[in-house]
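Okay, so here's the structure we're looking at.
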Amino acid sequence: MSELIIVVEHVYKSFGHVKAVVDFSMEVAPGEVVVIIGPSGGGKSTLLRCVNNLEPIDRGRIIVDGVSVTDAPNINEIRAEIGMVFQLFNLFPHLTALENITLAQRIVRKRSQEEAEAIAREQLAKVGIPEKWDSYPSQLSGGQQQRVAIARALAMNPKIMLFDEPTSALDPEMIKGVLDVMLDLAKEGMTMVVVSHEMGFVKAAADRVIIMDYGSIVEEDTPEELFTAPKEERT
């Protein structure tokens, strides 16, 4: 277990009568890219939110970097090591791209304004939009906003990146730029758990694919096996 960075054991999560996650178990090694696919409403996003305790689980256990998420005395210490990118960007509209990226660095990582800005500019360059540092979210396209959100997460130097359908709200022309950034992260060895419907990205970046439906795992294998020799009828 010490060689695993994420361990999910027999997790259940319900919303009233709706069973979102049912007896779900998953292990992720450092540097591994795991992509979770499946139909909408299958529990994928809920599972991702459970990993950093944005949604408390009903039963089971989740361990991140050796610490139990469910029993952690300070969940924010664990969250500081997890970057999360959402479907709808979640940028502060009254802050520029640079300010969006420096805020958490200064508050959580206790970095100086100068250091935080230097890291922010570095990450904006990494995601391909260094010239947008003084733009507000309303002045950016959806794809550019999502890249700012990725830069904001990366600026915290997380050990893990969680992506919750990061291209689902984007126009087709904007999807490639975001996926290219994610592909580069995968090549650099970032530990990633990605919920996505982009099969091209799954084939190119995933070490392992989990198909999820009705809150449970339908099938789990390498992209090569799943796309060429699926074992389950649902797959």
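Considering Val194, Val218, which residue is at pLDDT 95 or above and under 13 Å from the mean Cα position of the chain (by Cα)?
Values: Val218 fails: under 13 Å from the mean Cα position of the chain (by Cα).
On inspection, the qualifying residue turns out to be Val194.
Of everything in segment 1-25 that is open to solvent by 20 Å² or more (accessible area, probe 1.4 Å) and of a type in the set (Gly, Ala, Ser), the residue that is farthest from Ile78 (Cα to Cα) is Gly16.
Contact map, segment 100-120: residues that are open to solvent by 40 Å² or more (accessible area, probe 1.4 Å) paired with residues that are at pLDDT 95 or above, Cβ distance under 6 Å, separation 6+ or inter-chain. Pairs shown: Arg106/Ala116; Glu117/Thr102. Considering every residue within segment 26-43, establish whether at least one is farther than 25 Å from Ala204 by Cα and either surrounded by 21 or more Cβ atoms within 10 Å (Cβ to Cβ) or touching an Asp or Glu at 6+ places or on another chain (Cβ under 8 Å) (or both). No, every residue in segment 26-43 fails to be farther than 25 Å from Ala204 by Cα and either surrounded by 21 or more Cβ atoms within 10 Å (Cβ to Cβ) or touching an Asp or Glu at 6+ places or on another chain (Cβ under 8 Å) (or both). Residues considered: Thr235, Thr167, Thr191. Of these, the only one that is of a type in the set (Val, Ile, Thr) and more than 24 Å from Ala125 (Cβ to Cβ) is Thr235. Looking at segment 38-86, which of the residues that are in contact with a Leu (Cβ under 9 Å, 6 or more places away or on another chain) and assigned to a strand (DSSP E or B) is nearest to Ala153 (Cα to Cα)? Applying the filter and picking the extreme gives Gly83.
For every residue, the table says whether it meets (1) within 26 Å of Lys187 (Cα to Cα); (2) within 18 Å of the chain's Cα centre (by Cα).
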position: Pro30; (1), (2): yes, yes
position: Leu47; (1), (2): yes, yes
position: Val69; (1), (2): no, yes
position: Asn76; (1), (2): no, yes
position: Leu98; (1), (2): yes, no
position: Gln105; (1), (2): yes, no
position: Asp134; (1), (2): no, no
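Taken over segment 121-131, the criterion of being open to solvent by less than 90 Å² (accessible area, probe 1.4 Å) and over 25 Å from Val64 (Cβ atoms) is satisfied by Leu124, Ala125, Gly128, Ile129, Pro130. When every residue of segment 153-165 is checked against the conditions, none turns out to be in contact with a Lys or Arg (Cβ under 7 Å, 6 or more places away or on another chain), β-branched (Val, Ile, Thr) and surrounded by 17 or more Cβ atoms within 10 Å (Cβ to Cβ).
The values are calculated or read from the model by the stated rules, or taken from the named source; none is laboratory data. Keep in mind it's a predicted model, so treat the numbers as computed, not measured. Cβ: placed from backbone, ideal geometry, glycine included. Neighbour counts: every protein chain shown. For accessibility, only protein heavy atoms count, side chains too; no ligands or nucleic acids. Shrake-Rupley method; radii C 1.70, N 1.55, O 1.52, S 1.80 Å.
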